[in-house]
Amino acid sequence: MTLNLHIIICSTRPGRVGLHVAKWFHGVAMQHNKFQVSLIDLAEFNLPVYDEPEHPIHQRYQHEHTKKWAASVNAADAYVFVTPEYNFGPPPSLLNALNYVYKEWNYKPAGIVSYGGISGGLRSALIEKLTFTTLKMMPMVEAVSVQNVSTLIDENKNFAPSDHHINSGTSLLNELHKWAQALKTMRP
């Protein structure tokens with residue numbers, strides 16, 4: 001049984017560094033070789049502030065952007081959110097995207113690769129985990145936290161990880177795989 005992992009780039013702002021961190025993690029996940037891996041960029045969905053007339057639990061989506069987003073979310077068995085920290089919290093683009101759908105997230109594990117300044121995005125990650133549980137996702141304890149991310153982006157816009165980033169990424173993927181296998185049995 002091949003499991004699908006979506007690595008979601010959560011920042012949509014111009015000049016974001018999350019794209020570079022996500023490309024690095026995508027390579028780690030590909031080498032891990034236990035998932036079919038897709039890199040998903042929230043910016044490409046161009047989701048407006050939530051604009052569906054009905055509650056997402058009903059899945060009666062009116063807008064094409066919601067239908068495309070719902071199909072993408074539904075296609076995954078597990079997620080890794082590559083997320084910055086904005087003012088000690090998640091980026092609005094991520095919270096908006098999470099709220100667009102509901103059942104499509106249910107009973108799937110969620111990992112976090114956070115980045116930022118000295119905190120490495122940890123405050124954002126903690127808040128995101130609360131939202132994940134409300135969407136019936138299982139947040140992983142294992143995570144990757146990138147402190148002072150701007151110092152780890154080289155002149156070619158590549159992320160230069162330390163050994164602890166690589167080791168943390170592997171631990172996260174191992175746990176995600178276990179949980180994805182188990183939680184798949186709970187979904188219709």
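Sort out which residues of region 137-164 are touching a residue at least 24 places away in the same chain (Cβ under 8 Å), more than 15 Å from the chain's Cα centre (by Cα), surrounded by 12 or more Cβ atoms within 10 Å (Cβ to Cβ) and not in a strand (DSSP E or B), and write them in order of number.
Residues satisfying the conditions are Gln147, Asn148, Val149, Asn158, Pro161.
Among all residue pairs at least 6 apart or on different chains, which show Cβ distances below 7 Å where the first residue, located in region 101-115, is within 21 Å of Gln62 (Cβ to Cβ) and the second is of a type in the set (Lys, Arg)?
Trp105/Lys136
Are any of the residues in region 87-101 of a type in the set (Ser, Thr, Tyr) and within 18 Å of Ala29 (Cβ to Cβ)?
No, there is no match, as no residue in region 87-101 is of a type in the set (Ser, Thr, Tyr) and within 18 Å of Ala29 (Cβ to Cβ).
If I filter region 63-72 for residues that are in a loop (DSSP other than H, G, I, E, B), surrounded by 14 or more Cβ atoms within 10 Å (Cβ to Cβ) and free of Cβ contacts under 8 Å to residues at least 60 places away in the same chain, do I get at least one hit? Step through it out loud before you land on a result.
Of region 63-72, the ones in a loop (DSSP other than H, G, I, E, B) are 63.
Now drop any that are not surrounded by 14 or more Cβ atoms within 10 Å (Cβ to Cβ), which leaves 63.
Next, from what is left, pick out any that are free of Cβ contacts under 8 Å to residues at least 60 places away in the same chain: 63.
There is at least one residue in region 63-72 that is in a loop (DSSP other than H, G, I, E, B), surrounded by 14 or more Cβ atoms within 10 Å (Cβ to Cβ) and free of Cβ contacts under 8 Å to residues at least 60 places away in the same chain.
State all residues of region 40-57 that are more than 10 Å from Ser93 (Cα to Cα) and not in a strand (DSSP E or B); if no residue qualifies, say none.
Glu44, Phe45, Tyr50, Asp51, Glu52, Pro53, Glu54, His55, Pro56, Ile57
Scan region 73-96 residue by residue and report those that are assigned to a loop (DSSP other than H, G, I, E, B) and within 13 Å of the chain's Cα centre (by Cα).
Once the filter is applied, which keeps residues that are assigned to a loop (DSSP other than H, G, I, E, B) and within 13 Å of the chain's Cα centre (by Cα), region 73-96 yields Ala76, Asp77, Pro84, Pro90, Pro91.
Filter region 97-125 for residues that are over 13 Å from the mean Cα position of the chain (by Cα) and part of a helix (DSSP H, G or I); which is surrounded by the most Cβ atoms within 10 Å (Cβ to Cβ)?
Tyr100
Give region 11-39 a look and list any residue that's assigned to a loop (DSSP other than H, G, I, E, B) and out of contact with any Lys or Arg (no Cβ under 9 Å at 6 or more places or on another chain), or say none.
Within region 11-39, Ser11, Thr12, Arg13, Pro14, Gly15, Arg16, Asn33, Lys34 qualify.
Does Leu47 count as touching an Asp or Glu at 6+ places or on another chain (Cβ under 8 Å), aliphatic (A, V, I, L, M) and surrounded by 15 or more Cβ atoms within 10 Å (Cβ to Cβ)?
no
Every number here is computed from the coordinates shown, using simple stated rules; none is lab data. Predicted model, so just to flag it, every value in this text is computed and none were measured. Using ideal geometry, Cβ is built from the backbone for each residue, glycine included, and neighbour counts are taken over all protein chains shown.
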